[in-house]
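Derivation of every value follows stated rules applied to the coordinates shown; laboratory data play no part. Owing to the predicted nature of the structure, the values given are computational and were not obtained by experimental measurement. Please note: Cβ atoms are built from the backbone with ideal geometry, for glycine as well, and neighbour counts cover all protein chains shown.
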Amino acid sequence: MENISLAFQLIVAVSVLIVWIFRFDNIVIEFKHYGYSDLLRNFVGASKISTSAFLILGLWYNEITLYASLSMAFFMLCAQLSHIKVKNPFIKFVPSLIFLCMSLFIASHNCGLI
């Protein structure tokens, strides 16, 4: 389970970094589609990038992993609610749903539940 949790940490962190840094043009379009402000988009982006960095740091400093994974799970839950808000097709829900599950797995493993 330890290796799965560590792999999930890396996958979630790197994936979120790639989306928010290299695919930012898609993020701009999505946030406009949701009706969210540029300020909210920038706040979420900075927060997700920071949380991703904490997930990576958690590979060495385990004590921050629980907080980072729960924070990422919160962002992914918010993404799910945003998809529901605009009635997106299910395929649009899948990435954030997978990352939500992975983040919850990391948190559960980190506090000894699994």
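General remarks:
- Under the simplified labelling scheme, the ASN62-SER37 pair shows an inter-label distance of 4.2 nm, with each label point 7 Å from Cα along Cα→Cβ.
- Label-reachable residues, the range 1-40, where backbone N falls under 11 Å from a point 7 Å from ILE114's Cα toward its Cβ: 1-2, 4-5
- For the chain, a Kirkwood radius taken over Cα pairs fed into Stokes-Einstein (10 °C, viscosity 1.306 mPa s) yields D = 111 µm²/s.
- Listed by chain and number, the aspartates and glutamates placed with their C-alpha closer than 15 angstrom to that of LYS87 are GLU30; residues fewer than eight positions away on the same chain are left out.
- Relative contact order [Cα under 8 Å, 6+ residues apart], the chain, whole percent: 34 percent
- Of LEU59, LEU100, LEU40, the one that fluctuates the most in a GNM where the chain has Cα springs shorter than 10 Å: LEU40
- With helices as the sole contributors, the chain gives -28000 deg cm²/dmol at 222 nm; each DSSP H run of n ≥ 4 counts as -39500 (n - 2.57), and the sum is divided by every residue.
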